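Asker: One structure is given below, represented as structure tokens, and several questions about it will come after.
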Amino acid sequence: MGEYIVRRLIYGVLVLFIMVTFVFVVMRAVPGDVVTLQLADSGATEEQIQALETELGLDKSMIAQLGDWLTGAFQGDLGNSLWSGLPVTEIIGDRLPVTLQLSLMSIVLAILIGIPVGVISAVKHNTFIDHLLRITSVGGLSIPNFWLGLILLTGFALVFNWIPPLGYQSFIENPVVNVQQMILPAICLAITLSASIVRMTRSAVLEVLHSDFIRTIRSKGAKERVVIYKHALRNSLVSVITLIGLQVGYLLGGTVVLESIFSLPGLGSLIFETVSARDYPVVQASVLIFGAMFLLVNLFVDVMYGWVDPRIRNS
Amino acid sequence: MSQVQIESEIPIKKHLATRTRLLRVKNQCIRFISMQKIGVISALFILLVIAVAILAPVIAPYDPVAQNREAFLSAPTMQHLMGTDDLGRDVFSRIIYGARISLLVGFATVIISIILGTIIGMISGFFGGIVDMVIQRIMDSIMAIPALILALFIAALLGPAVQNVIIALVIIEIPRFARIVRGEMMRIRETNYVEASRSVGANSLRIIMKHGLPNMMAPIIVMASLAFGQTIIAEASLSFLGIGTPPPNSSWGLMLSNASRYMESAPWLVFFPGLALSLLVLAFNLLGDALRDFLDPKLSS
């Protein structure tokens, strides 16, 4: 297992390296650069432009810049913002917790809704309730989460005359305000995720319920509740965990739009703000962090398999 | 069996083979219609939306960009079925024209991604070895960034324009198609009939075209339908953020972005474009599910 994890991590670093190089090159290759943006409308002379380029370290060749940045990145130094001059690690450190909290809240909510509903749908297989739940879950998959966000905001404002408190506060500063700010976007992200969990749980539980070992357990006289919760559900967990791993990409992508609607200062809105400002180091670092989160979650999911299903662990 | 006929040099037999194939397609369609009611309804709905989009100038009661200062932020009435926005533009007409953007981006993205993804996946799966390894590392790297983040990055860099949205979405969709095609290709490469054609001297390209492509149609069609829904949502999300379709075009995402400023005073502006978007995505998702059940019973529950 240890060797497997190490191999996956090395591979992950390789993938992240290709990814960051791509971002690095593409950002500098397309029209529009940070120096022109910063000196726009100021009528700067050629000398001033060159001075700024030298100051920001952009006068070197692209390969030299990439080399410098990567060397720094391996030592934990992600450079400084080209606009504010602040260390990128500090900026990311401020933004990352928001996105992490939002993602975690959505995953927890999605599991709390998705698994029970999926089990009910499977147990009531082919009844009216099952059809209703299946239609609802396909519907949940099809609703764009940012529309859901707007609808919830509008609904709460019109019906309860309530809007989430303005001005972001972290959970440590003020848990009550923080949860009020986070709960609506978390629900929006959770609904789509729980819809796919419902579908996955339903088919996984159904498959297990029709297998031979469940027939054996039933014939021993086990209670139906024990059959479902102890055996069927446990055996379905592998596929549900896989699904969550696969959906993390969707979840992280969704945070961008929802952070923008609910004015949350997260990593997603950071990328959005800094790409257009061509703040190269900040964008590179944000993409790197998103990629790393995605790869780590998927590694974690694969390790979890073995923990849930001993058959995979031993093979 | 039928391969023998298709490979034959005699024109009459070739003609017969084409006819048999047409007949098979017809039978498949009849079976789909009788077995997958929801899928058929979804397909009809999609066709309806396509028709509305094409006939937009005929159907839309107003010019989608015409401003009417007499009636801005008007609630739904008989004159304006879905109300008007802050510039007095008719929401119903704008939604009809908005279908054009969604479908255009959807079709362009899915078709270009299928073509490029299939070519890349086939090369990767057929040749294997170092070619496969290099291609796969690149595909993995693209897929290691959450799709919408990558699309946002590319679209924001290129600037707001419909073709840039398509470029961004094609880049995120290619690996998904390439992966399916590569997997199928590797599976097919090992089958007896490919070995048989190789032993009678067929070259690589011929093997790919004759045996590879037809066998991959099913998974590609299913993937295309599901990718279509995702693409439409992604276009709307980018337009919502202001880096997708530029104004004054009537993209549904753009309409929602504009509506978010009038949530309390004009909630219908938030409601209708999102409903149109959700229904179209729902239809593609249901069609994708139905096609999967029909074409690949192994995958369904």
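The values are calculated or read from the model by the stated rules, or taken from the named source; none is laboratory data. Just so it is clear, the model here is predicted, and its values are computed rather than measured. Here the Cβ positions follow ideal geometry from the backbone for every residue, glycine too, while neighbour counts run over all protein chains shown. Side chains are part of the model used for accessible areas, which takes the heavy atoms of the whole protein and leaves out ligands, DNA and RNA. Shrake-Rupley method; radii C 1.70, N 1.55, O 1.52, S 1.80 Å.
Asker: Could you say which residue among A:HIS131, A:HIS125 is open to solvent by 70 Å² or more (accessible area, probe 1.4 Å) and either assigned to a loop (DSSP other than H, G, I, E, B) or touching an Asp or Glu at 6+ places or on another chain (Cβ under 6 Å) (or both)?
Answerer: Working: A:HIS131 fails: either assigned to a loop (DSSP other than H, G, I, E, B) or touching an Asp or Glu at 6+ places or on another chain (Cβ under 6 Å) (or both).
Residue meeting the stated conditions: A:HIS125.
Asker: I'm trying to understand the selection: among the residues of region A:68-91, which are in a helix (DSSP H, G or I) and surrounded by 19 or more Cβ atoms within 10 Å (Cβ to Cβ)?
Answerer: A:TRP69, A:ALA73, A:VAL88, A:ILE91
Asker: Sticking with this one: Quick check on B:LEU279: is it surrounded by fewer than 24 Cβ atoms within 10 Å (Cβ to Cβ), free of Cβ contacts under 8 Å to residues at least 60 places away in the same chain, more than 21 Å from A:GLU273 (Cα to Cα) and at the interface with another protein chain (Cβ under 10 Å from one of its Cβ atoms)? So that I can check it myself, show each step before the final result.
Answerer: Values: surrounded by fewer than 24 Cβ atoms within 10 Å (Cβ to Cβ): yes; free of Cβ contacts under 8 Å to residues at least 60 places away in the same chain: no; more than 21 Å from A:GLU273 (Cα to Cα): yes; at the interface with another protein chain (Cβ under 10 Å from one of its Cβ atoms): yes.
So B:LEU279 fails the test.
Asker: Please state which of the following conditions A:LEU37 fails to meet, knowing it meets all the rest: (1) away from chain B (no Cβ under 14 Å); (2) surrounded by 14 or more Cβ atoms within 10 Å (Cβ to Cβ); (3) not acidic (Asp, Glu).
Answerer: (1)
Asker: Kindly list the number of the only condition in (1) open to solvent by 50 Å² or more (accessible area, probe 1.4 Å); (2) free of Cβ contacts under 8 Å to residues at least 60 places away in the same chain that fails for A:THR21.
Answerer: Exception for A:THR21: condition (1).
Asker: Another one. State all residues of region A:205-231 that are touching a residue at least 40 places away in the same chain (Cβ under 8 Å) and either touching a Cys at 6+ places or on another chain (Cβ under 8 Å) or within 14 Å of chain B (Cβ to nearest Cβ) (or both); if no residue qualifies, say none.
Answerer: Hits for region A:205-231 are A:VAL205, A:LEU206, A:LEU209.
Asker: Is region A:5-27 home to any residue that is polar (S, T, N, Q) and in contact with a Lys or Arg (Cβ under 9 Å, 6 or more places away or on another chain)?
Answerer: No: zero hits.
Asker: Of all residues in region B:39-79 being touching a residue at least 40 places away in the same chain (Cβ under 8 Å) and touching an Asp or Glu at 6+ places or on another chain (Cβ under 8 Å), which is least open to solvent (accessible area, probe 1.4 Å)?
Answerer: Among those that are touching a residue at least 40 places away in the same chain (Cβ under 8 Å) and touching an Asp or Glu at 6+ places or on another chain (Cβ under 8 Å), it is B:GLY39.
The rows are residues; the columns are (1) open to solvent by 40 Å² or more (accessible area, probe 1.4 Å); (2) away from chain A (no Cβ under 12 Å); (3) of a type in the set (Ser, Thr, Tyr); (4) in a loop (DSSP other than H, G, I, E, B).
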residue: B:LEU213; (1), (2), (3), (4): yes, yes, no, no
residue: B:ALA227; (1), (2), (3), (4): no, yes, no, no
residue: B:VAL270; (1), (2), (3), (4): no, no, no, no
residue: B:LEU275; (1), (2), (3), (4): yes, no, no, no
residue: B:PHE284; (1), (2), (3), (4): no, no, no, no
residue: B:LEU287; (1), (2), (3), (4): no, no, no, no
residue: B:ALA290; (1), (2), (3), (4): no, no, no, no
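Asker: Which ones in region B:247-265 are more than 11 Å from B:GLY98 (Cα to Cα) and either part of a helix (DSSP H, G or I) or modelled with pLDDT of 90 or more (or both)?
Answerer: Residues satisfying the conditions are B:LEU256, B:SER257, B:ASN258, B:ALA259, B:SER260, B:ARG261, B:TYR262.
Asker: Could you list all residues from region B:143-173 that are outside any helix (DSSP H, G or I) and either within 7 Å of another protein chain (Cβ to nearest Cβ) or touching a Ser or Thr at 6+ places or on another chain (Cβ under 6 Å) (or both)? Break it down stepwise before answering.
Answerer: In the first step, residues of region B:143-173 are kept if they are outside any helix (DSSP H, G or I); the result is B:144-146, B:159-161.
Once the filter is applied, which keeps residues that are outside any helix (DSSP H, G or I) and either within 7 Å of another protein chain (Cβ to nearest Cβ) or touching a Ser or Thr at 6+ places or on another chain (Cβ under 6 Å) (or both), region B:143-173 yields B:ALA144, B:ILE145, B:PRO146.
Asker: So B:PHE32 clears everything in (1) in contact with a His (Cβ under 9 Å, 6 or more places away or on another chain); (2) outside any loop (DSSP other than H, G, I, E, B); (3) more than 21 Å from B:PRO267 (Cα to Cα) except one condition, right? Which one?
Answerer: (1)
Listed here are the residues, each with its yes/no results for (1) surrounded by 24 or more Cβ atoms within 10 Å (Cβ to Cβ); (2) not small (Gly, Ala, Ser).
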| site | (1), (2) |
| --- | --- |
| B:ILE120 | no, yes |
| B:ASP132 | no, yes |
| B:PRO146 | yes, yes |
| B:LEU152 | yes, yes |
| B:ALA156 | yes, no |
| B:GLY159 | no, no |
| B:VAL165 | yes, yes |
| B:VAL170 | no, yes |
| B:MET185 | yes, yes |
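Asker: If you don't mind, there's one more thing I want to ask. Residue by residue through region A:90-124, note down the ones that are farther than 19 Å from A:SER239 by Cα and over 19 Å from the mean Cα position of the chain (by Cα).
Answerer: Within region A:90-124, A:GLU90, A:LYS124 meet the criteria.
Asker: Please enumerate the residues belonging to region A:262-274 that are open to solvent by 30 Å² or more (accessible area, probe 1.4 Å) and in a helix (DSSP H, G or I). I'd like the intermediate steps shown before the answer.
Answerer: Residues of region A:262-274 open to solvent by 30 Å² or more (accessible area, probe 1.4 Å): A:263, A:265, A:272-273.
Scanning region A:262-274 gives A:PHE272, A:GLU273.
Asker: Among the residues of region A:275-291, how many are in a helix (DSSP H, G or I), out of contact with any strand residue (DSSP E or B) (no Cβ under 7 Å at 6 or more places or on another chain) and more than 9 Å from chain B (Cβ to nearest Cβ)? Reasoning before the result, please.
Answerer: Step one: list which residues in region A:275-291 are in a helix (DSSP H, G or I), which gives A:275-276, A:280-291.
Within this subset, residues satisfying the condition of being out of contact with any strand residue (DSSP E or B) (no Cβ under 7 Å at 6 or more places or on another chain) are A:275-276, A:280, A:282-291.
Subsequent filtering for residues that are more than 9 Å from chain B (Cβ to nearest Cβ) retains A:280, A:282, A:284-285, A:288-289.
Of the residues in region A:275-291, 6 are in a helix (DSSP H, G or I), out of contact with any strand residue (DSSP E or B) (no Cβ under 7 Å at 6 or more places or on another chain) and more than 9 Å from chain B (Cβ to nearest Cβ).
Residue by residue, here is whether (1) among the aliphatic types (A, V, I, L, M); (2) assigned to a helix (DSSP H, G or I); (3) modelled with pLDDT under 80 holds:
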| residue | (1), (2), (3) |
| --- | --- |
| B:GLN3 | no, yes, yes |
| B:GLU9 | no, no, yes |
| B:HIS15 | no, yes, yes |
| B:THR20 | no, yes, yes |
| B:VAL25 | yes, yes, yes |
| B:PHE45 | no, yes, no |
| B:ILE50 | yes, yes, no |
| B:ALA71 | yes, no, yes |
| B:LEU81 | yes, no, yes |
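Asker: So which residues in region B:229-246 are in a loop (DSSP other than H, G, I, E, B) and within 12 Å of chain A (Cβ to nearest Cβ), if there are any at all?
Answerer: Here is the first cut: in region B:229-246, the ones in a loop (DSSP other than H, G, I, E, B) are B:242-246.
Correct list: B:GLY242, B:ILE243, B:GLY244.
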